[in-house]
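> Next up is a structure, given as structure tokens.
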Amino acid sequence: MLDRLIIERRSVRKYSPEPVPEEILEACLDAARMAPSACNSQPWFFHVCRSEKAKNAVADAMNSGIYGRGLNRFVQEAPVIVAVETLKREKAAPWLAGMVRNVRYETMDVAIAVDHLTLKATELGLGTCWIGWFNEKAVKSALGLPKTSRLDVMLTVGWPDDRPRPKKRKDREDIRRYL
């Protein structure tokens, strides 16, 4: 089953207007909740925008300023927009290790959790799209978050209303080396 999910998971930019039931969203969020993280710190929080008011405010904020050149206009049509907040480390070990190695482990942890969410969504027939190009300051304002909070990724979720295209991937020889 996992191979099917990995192959079928794709970025969806055209959605049916059909709402996504809360129990299906909860299953996706539970998958994210089960993701591993450095020292089990779980540095994520999901702001799930389902109401028209919340979705419109967040979509408008995402696409405001220099971010409004049309690249992500499709977010307006998604039944759900998820703002993924990266929480500050509460545990010293991953923070210290990240300082020594110049790595933001919390960003990696959030990416793993979001990937779990997208794979569960795919299993349930939903489509998703990761969005990294958005007006973070405006989205934080629309969500009533403090300026010090961090939103590294946004995610659209809904029932796909398009046809999948074949994936273009590098050849195996171009991505690995055995030693």
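> Looking only at segment 101-118, how many residues end up being surrounded by fewer than 20 Cβ atoms within 10 Å (Cβ to Cβ) and among the hydrophobic types (A, V, I, L, M, F, W, C)?
Selection size over segment 101-118: 4.
> What are the pairs, 6+ residues apart or on separate chains, where a residue within segment 120-131 that is touching a residue at least 60 places away in the same chain (Cβ under 8 Å) and over 16 Å from Gln76 (Cβ atoms) has its Cβ under 9 Å from a residue that is open to solvent by 60 Å² or more (accessible area, probe 1.4 Å) and not in a helix (DSSP H, G or I)?
Glu123/Met1
> Next question. Can you tell me how many residues in segment 29-41 are assigned to a loop (DSSP other than H, G, I, E, B) and at pLDDT 95 or above?
3
> Can you tell me how many residues in segment 132-151 are closer than 20 Å to Val114 by Cβ and either open to solvent by 60 Å² or more (accessible area, probe 1.4 Å) or without any contact (Cβ under 8 Å) to a residue 24 or more places away in the chain (or both)?
The qualifying residues number 4.
> On to the next question. Being modelled with pLDDT of 95 or more and either closer than 20 Å to Leu145 by Cα or in a strand (DSSP E or B) (or both) is true for just one of Val48, Val20. Which residue is that?
Result of the check over Val48, Val20: Val48.
> Scan segment 88-120 for residues that are of a type in the set (A, V, I, L, M, F, W, C) and in contact with a Lys or Arg (Cβ under 8 Å, 6 or more places away or on another chain) and report the count.
Residues that pass the stated criteria total 3.
> Condition test on Thr122, is it closer than 26 Å to Ile6 by Cα, modelled with pLDDT of 95 or more and touching a strand residue (DSSP E or B) at 6+ places or on another chain (Cβ under 7 Å)?
Considered against the rule, which asks whether it is closer than 26 Å to Ile6 by Cα, modelled with pLDDT of 95 or more and touching a strand residue (DSSP E or B) at 6+ places or on another chain (Cβ under 7 Å), Thr122 comes out as no.
> Does any residue in segment 51-74 that is of a type in the set (Ser, Thr, Tyr) come within less than 8 Å, Cβ to Cβ, of a residue that is surrounded by fewer than 17 Cβ atoms within 10 Å (Cβ to Cβ) six or more places away or on a different chain, and which pairs are these?
Going by the 8 Å Cβ cut-off, the qualifying pairs are Tyr67/Trp133.
> Now for a different question. Output the number of the condition that Gln42 fails; it satisfies all remaining conditions of (1) touching a residue at least 12 places away in the same chain (Cβ under 8 Å); (2) on the phi < 0 side of the Ramachandran plot; (3) open to solvent by 60 Å² or more (accessible area, probe 1.4 Å).
(2)
> Take Val12 and tell me if it is at pLDDT 95 or above and in contact with a Cys (Cβ under 8 Å, 6 or more places away or on another chain).
It is true that Val12 is at pLDDT 95 or above and in contact with a Cys (Cβ under 8 Å, 6 or more places away or on another chain).
> Can you confirm whether segment 16-24 contains a residue that is open to solvent by less than 60 Å² (accessible area, probe 1.4 Å), free of Cβ contacts under 8 Å to residues at least 60 places away in the same chain and touching a helix residue (DSSP H, G or I) at 6+ places or on another chain (Cβ under 6 Å)?
Taking every residue of segment 16-24 in turn, none turns out to be open to solvent by less than 60 Å² (accessible area, probe 1.4 Å), free of Cβ contacts under 8 Å to residues at least 60 places away in the same chain and touching a helix residue (DSSP H, G or I) at 6+ places or on another chain (Cβ under 6 Å).
> If you take just the helices (runs of 4 or more DSSP H) that sit entirely in segment 84-179, which of them hold at least 2 residues that are within 28 Å of Ala27 (Cα to Cα) and within 20 Å of the chain's Cα centre (by Cα)?
Of the helices (runs of 4 or more DSSP H) lying wholly inside segment 84-179, those with at least 2 residues that are within 28 Å of Ala27 (Cα to Cα) and within 20 Å of the chain's Cα centre (by Cα) span 105-123, 136-143.
> Which residue out of Arg4, Arg13 is charged (D, E, K, R), part of a loop (DSSP other than H, G, I, E, B) and open to solvent by 70 Å² or more (accessible area, probe 1.4 Å)?
Result: Arg13 is the single residue among Arg4, Arg13 that is charged (D, E, K, R), part of a loop (DSSP other than H, G, I, E, B) and open to solvent by 70 Å² or more (accessible area, probe 1.4 Å).
The values are calculated or read from the model by the stated rules, or taken from the named source; none is laboratory data. Note that the structure is a prediction, hence the values are computed from the model and not measured. Note: ideal-geometry Cβ built from the backbone for every residue, glycine included; neighbour counts use all protein chains shown. For accessibility, only protein heavy atoms count, side chains too; no ligands or nucleic acids. Shrake-Rupley method; radii C 1.70, N 1.55, O 1.52, S 1.80 Å.
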